[in-house]
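Participant: This is the structure I have questions about; it appears just below.
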Amino acid sequence: MNKKTKSDAERPAGLRWLAGFQKFARHIVRSSGHPLAFALALGIVVLWAVTGPLFNSGNTWLLIINTVTNIVTFLMIFLIRNAQNRESEAVQLKLDELIRATSAAQNTLLDIEELSEEELDRIKARFERLARKARETSEAGQTHFLQHQEDRRPLPVSPPSNPPLP
């Protein structure tokens, strides 16, 4: 059964604004990371340096440039952070799906990002021990997974079930 998707006009204003902001943020972050954007910024700095003496490079000139750059930097932090949060969430969901779909994987890792630092440190130490053991027993420096029973014991968190995805 196909669900109808709501058109932009049928969505609440807040959701339309959020979707628009996310689209804007993605566009700005992608554009600002382009080599042409760097060249443009470098050109503006050179232009500022060259025209400074023409306008007597006074305190007002420096204050204007400083204010503009601070405002742009401040706003870019939020745009970049928004894009990073979305990308991180997407990667996390993809990893969760791989863990859920792989029968040999430990489902206890599905919500690992929600654990305390102490729990994460215990799990990390266990995986470091497994990696060290694998390196010690590998042939010619090639690593492989150890299939010993002790290495397959569950991690110290309660495992969630594998419910079907909607």
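The values are calculated or read from the model by the stated rules, or taken from the named source; none is laboratory data. Here the structure is a predicted model, which is why all the values come from computation and not from measurement. Please note: Cβ atoms are built from the backbone with ideal geometry, for glycine as well, and neighbour counts cover all protein chains shown.
Participant: Can you tell me which of Ile71, Ile44 is exposed (fewer than 11 other Cβ atoms within 10 Å of the Cβ) and either at pLDDT 85 or above or acidic (Asp, Glu) (or both)?
Facilitator: Checking each option against the conditions leaves just Ile71.
Participant: Also, I was wondering about something else. Between a first residue in the range 38-55 that is over 22 Å from Met76 (Cα atoms) and a second residue that is part of a helix (DSSP H, G or I), which pairs have beta carbons less than 7 Å apart while being 6 or more apart in sequence or on different chains?
Facilitator: Listed pairs, sorted by first residue: Gly52/Trp61; Phe55/Trp61.
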